[in-house]
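One structure is given here, and the rest of the page talks about it.
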Amino acid sequence: MQSSQANADDVIARATRVADEVLFPQAQIVDRSTIPTGNFEALRDAGLFSFADVAPDAVRRTMATIAGGCGATFFVWVQHHGVVRNVASSDNAALRDALLPSLLDGSIIAGTAFAHVRRAGSPAVRATRVEGGWRLDGRAPWATSWGIAERFAVASTTDDGRMVWAILPGNGGPGVTTGPLDLPVFSATGTVAILFDGAEVVDADVLAVIDADDWRAADRLRAAAGAPAVLGVAERAIRLLRAAARDALDPADAAARRLDTELAERWRTDDDVTTRLADPDEVSERSLDALIRTASDHRAACLDLGHRATTALLAAVGGGGMDLAHPAQRLAREAAFYVIQAQTGDGRAATLDSV
């Protein structure tokens, strides 16, 4: 137990050093330009492209820490980790063995496009079987890390209800074009819409062909608690709020203390919710809906905390906080972004119910 805790503490300490010393000092510049390769090199040197043998609660705190350093860097980096999980669990041994070592050490960065498969209705990206592989047609409206990632994991759906996960080169290849998204935040992440027009993927580059309904059921569970990134934004805002207080009598100091207490409570709830979501006895047909509602309510409370913490920071620093060179307005925009990031129907309902 002590060794495991020491490992968790070490990972979080390494993440904190990278966030405070490398990411946050230049986050304002990154917000309006591109992510420097040095950010990824710092994450790589700190061993943060692999979470092998790291407890889930320590992983979530590490993610929050990086998100509080630079949201754009975090978003590219966390998408990469999703691809790592997909590759590590693939039955395509040749593809897995060829890619996984480079993904784990960060020498190859991967991106992904899969949010569209969460939507009901006809497939946004349709997979059609052809000789030796699959043909992809349709539009993925949201894909991050274009121009940054060297590999992309793309999800598509067949007409008979299967989901095809495939690896594409970073430039997409023939039959793939992209269009930029005009975003108010994370423009440095290379987030684009991808159009597939007869793009072909050979079987050797297919990670998995699975039942789409089974994947959506598992995704509903995975996404229920939401990403911890907004707690990282709240933590950074609280630190800056405390620093903005003129003295101990300044309302900013009292606000920071209240928000800090609430942040600690959110983390305690996060530990409880994520533990329950990983417990097969908790995730039963009888209790699943109630558990997901509890997790979704927690997600909504985290989003609300991020909003209030960044609003408090803006109030404390005044008009200067709206200058694009000031972190207050950026953190507020990032907190708003996490409302829709990884949002499922459960998360949407809980957020709207909390208003």
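Express as a percent, rounded to the nearest 5, the fraction of DSSP beta bridges in the chain (both residues included) that run antiparallel. Provide the component values of the computation, followed by the final result.
Values: 33 of 38 bridges.
That works out to approximately 85 percent antiparallel.
Expected output is a single nm value to one decimal: the length gained when fully extending between Arg268 and Thr158, i.e. 0.36 nm times separation in residues minus the C-alpha distance. What is it? Mind showing how you got there, number by number?
Numbers: separation 110, 0.36 × 110 = 39.60 nm, distance 4.11 nm.
Additional length available on full extension: 35.5 nm.
Given 0.36 nm per residue, what is the gain on full extension from Ala218 to Asp197 after removing their alpha carbon distance, in nm?
Numbers: separation 21, 0.36 × 21 = 7.56 nm, distance 2.91 nm.
Fully extending the segment from Ala218 to Asp197 adds 4.6 nm.
Only Cα pairs under 8 Å and at least 6 apart count here; give the relative contact order of the range 2-104 as a rounded whole percent. Walk me through the numbers on the way to the answer.
Details: 82 pairs, mean separation 34.2, N = 103.
Across the range 2-104, relative contact order equals 33 percent.
May I ask you to sort Met163, Met322 by Cβ crowding, counting other Cβ atoms within 10 Å and putting the fewest first?
On the way: Met163 21, Met322 12.
Listing Met163, Met322 from fewest to most nearby Cβ atoms yields Met322, Met163.
Need one number: nm distance between label points at Ala254 and Val209, each 7 Å from Cα along Cα→Cβ, rounded to one decimal.
6.5 nm
Can you pull the three principal axis extents for the Cα set of the range 110-210, in Å, largest first?
Taking the Cα atoms of the range 110-210, the three principal extents are 40, 28, 20 Å.
Which part of the range 152-181 falls in the paramagnetic zone of Arg139, meaning amide N under 11 Å from the point 7 Å along Cα-to-beta-carbon?
So the set is 179.
Just in the range 249-355: which trypsin sites (Lys or Arg not before Pro) are loop by DSSP and have at most 14 other Cβ atoms within 10 Å?
Values: sites: Arg257, Arg258, Arg266, Arg268, Arg276, Arg286, Arg293, Arg299, Arg308, Arg330, Arg333, Arg348; in loops: Arg286.
Loop-located and lightly packed - Arg286.
Averaging sequence separations of C-alpha pairs under 8 Å and six or more residues apart, then dividing by the length of the chain, give the relative contact order as a whole percent.
Worked out over the chain, it gives 16 percent.
List the trypsin sites (Lys or Arg not before Pro) in the range 108-184 that DSSP assigns to loop (not H, G, I, E or B) and whose Cβ has at most 13 other Cβ atoms within 10 Å. Which are they? Spell out each step's value before the answer.
On the way: sites: Arg118, Arg119, Arg126, Arg129, Arg135, Arg139, Arg151, Arg162; in loops: Arg119.
Of the trypsin sites (Lys or Arg not before Pro), the ones in loops of the range 108-184 whose Cβ has at most 13 other Cβ atoms within 10 Å are Arg119.
Provide the FRET efficiency to the nearest 0.05 for the Gln5-Glu131 pair, computing r from the beta carbons and using R0 = 41 Å. All intermediate terms of the calculation are to be shown ahead of the outcome.
Numbers: r = 54 Å, r/R0 = 1.31.
That pair, Gln5 with Glu131, gives E of 0.15.
Suppose the chain between Ala55 and Asp247 were pulled fully straight at 0.36 nm per residue; how much longer would it get relative to their current alpha carbon spacing?
On the way: separation 192, 0.36 × 192 = 69.12 nm, distance 3.88 nm.
Here the segment from Ala55 to Asp247 would lengthen by 65.2 nm.
Can you list the GluC sites (Glu not before Pro) in the range 186-295 that are in a DSSP coil and have 16 or fewer other beta carbons within 10 angstrom?
Working: sites: Glu200, Glu235, Glu262, Glu265, Glu282, Glu285; in loops: Glu282, Glu285.
Answer by residue number: Glu282, Glu285.
With a cut-off of 8 Å between alpha carbons and a minimum separation of six or more residues, what is the relative contact order of the range 224-353 in percent? All intermediate terms of the calculation are to be shown ahead of the outcome.
Numbers: 144 pairs, mean separation 49.0, N = 130.
This gives 38 percent for the range 224-353.
According to a simple spin-label model (label point 7 Å from Cα along Cα-to-Cβ), what is the distance in nm between Asp279 and Ala13?
Each label point lies 7 Å from its Cα, and together they span 3.1 nm.
Taking the Cα centre of the chain as the origin and placing charges on Cβ (Lys, Arg +1; Asp, Glu -1), which of Gly111, Gly132, Val355 is farthest toward the positive end of the dipole?
Val355
A short reminder: the numbers here are calculations on the coordinates, not readings from a lab. Because the structure is predicted, anything quoted here is derived from the model rather than measured. As a convention, Cβ positions derive from the backbone with ideal geometry for all residues, glycine included, and neighbour counts pool all protein chains shown.
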